[in-house]
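Below is one structure; the comments refer to it alone.
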Amino acid sequence: MYKGIVGFIRNIYGGRENIPLHEPCFSGREKKYVSDTIDTSFVSSVGEYVNRFERDTAAFCGAKFAVATVNGTAALHIALKLSGTKANDEVLTQPLTFVATANAISYTGALPVFIDVDRDTLGLSSEKLADFLKANAVLRKGGAFNRKTGRRISACVPMHTFGHPCRIDEIAAVCRKYKIALVEDAAESIGSLYKGKHTGLFSKVGILSFNGNKIITTGGGGMIITDDANFAKKAKHITTTAKIPHKWEYVHDETGYNYRLPNLNAALGCAQLEQLDGFLRKKRKLAAAYAEYFKGAGIPFVLEPEHARSNYWLNAILLKNRAERNKFLLYSNSNGVMTRPAWRLMNKLKMYRSCQCADLENSNWLEDRIVNIPSSVKK
């Protein structure tokens, strides 16, 4: 079985000797735009490509505003901070996610609380979220508070895992009921839609990532997206070291962050964004080929959830158990095809082991079975 899977993947990618999990595709104007920044000397956080990348990303997603940052973690940190999360608060999120989600919560001084995911979406479960809040939360002046810890529950951060949208409208309804800010971690889901709407736009603020392994990349980079003009203005100010605009004076009116995306990186992003529609078509064609193959092989392939149109950033299969998962990971990686398991659950990492958890049955089940398989855009 393992040999057949590796052979099929190798055939898809033209028989290459070593096949990465997800590599960037530079087939447009990347070199031209990056050279422009060097020729003009505008390579840092001031430059027309930064403004253009923000405008073009906002237009693509259907947001009114976008603010570029050095990475998705920085974007999430600022999104949480400006949504009102403070030290000693609690933020509800999922354990099946990249560590940046939990880290950004920690940057604010808040503590993550881990709620289970749904098996079909791989993202935060609206039902489990509602159950946790019903059992643990009380509404008082100032918002929702955890009965067990006494801490304020300031925000909820669902993540659209591998580009598959979670039931974000249902999650938003639960958050409204309990007066909890919703901050969407759409780091992996540029181009993904839920009920016809782009991920990241189901609340006041969402974030994107353009890390080197994403569908489009700026090398490292992130974006805050919002329809709120005041939120966007504040985000741009605080990510630019809170400097009051002036031609030569350096005056800052609060503690800010050096989080703005350099123009050089934004130039790369502009060229990548021009190709995104084509990349997404190729990603869906690849996913369809995988789905057909694994259906014939009797192995579950993770498909886009109901009401969703996924970008299929990382394709995933579900093996029978952890032992089979580990055997396949060893075989495939030893034979030149890069595969990986899901991230170690956040509640199992030493810095988050003491955090409160709900029942995590689905997260544990998925952690034992998920394998990501090569998902690069075919050139």
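Derivation of every value follows stated rules applied to the coordinates shown; laboratory data play no part. Here the structure is a predicted model, which is why all the values come from computation and not from measurement. With ideal geometry, Cβ positions are generated from the backbone for all residues, glycine too; neighbour counts draw on all protein chains shown.
Only the Cβ atoms of Lys and Arg (+1) and of Asp and Glu (-1) were treated as charged; on that basis the dipole of segment 68-182 about its Cα centre amounts to roughly 640 debye. In the chain, taking the dipole from charged Cβ atoms about the Cα centre, the farthest positive-side position among His246, Trp343, Leu193 is held by Trp343. Candidates Thr73, Ile105, Ser83 compared by Cα position along the dipole of the chain: farthest toward the positive end lies Ile105, with charges placed on Cβ. Beyond 21 Å, what share of the Cα-Cα pairs of segment 183-291 remains, rounded to the nearest whole percent? The proportion of pairs with Cα distances above 21 Å equals 48 percent.
How high is the relative contact order of the chain, in percent, with contacts defined as C-alpha pairs under 8 Å that are six or more residues apart? Don't skip to the answer; put the middle values down first.
Details: 832 pairs, mean separation 94.9, N = 379.
Relative contact order for the chain comes out at 25 percent.
Taking the convex hull of the alpha carbon positions in segment 19-174 and averaging its projected area over all directions gives 12.2 nm². Here the residues His237, His307, His164, ranked from fewest to most Cβ neighbours within 10 Å of their Cβ, fall in the order His307, His237, His164. Taking the chain as a Gaussian network of alpha-carbon nodes connected by springs under 10 Å, the highest mean-square fluctuation of the residues Gly298, Gly278, Gly143 belongs to Gly298.
Counting neighbouring Cβ atoms within 10 Å and putting the fewest first, the residues Met338, Met346 line up as Met338, Met346.
Estimated purely from DSSP H runs of n ≥ 4, each contributing -39500 (n - 2.57), the mean residue ellipticity at 222 nm for the chain is -11500 deg cm²/dmol once divided by its residues. Taking only alpha carbon atoms, segment 116-257 gives an Rg to Rh ratio of 1.04, where Rh is the Kirkwood radius. Computed from point charges on the beta carbon alone (+1 for Lys and Arg, -1 for Asp and Glu), the dipole magnitude for segment 171-242 about its Cα centre is near 300 Debye. Sorted on the mean count of surrounding Cβ atoms within 10 Å across their residues, most packed first, peptides 50-62, 83-95, 238-250 read 83-95, 50-62, 238-250.
The shape of segment 156-203 can be summarised by an equivalent ellipsoid whose semi-axes, obtained from the alpha carbon gyration tensor, come to 18, 10, 8 Å from longest to shortest.
Between Ala74, Ala289, Ala235, the Gaussian network model of the chain with springs among Cα atoms under 10 angstrom shows the greatest mean-square fluctuation at Ala289.
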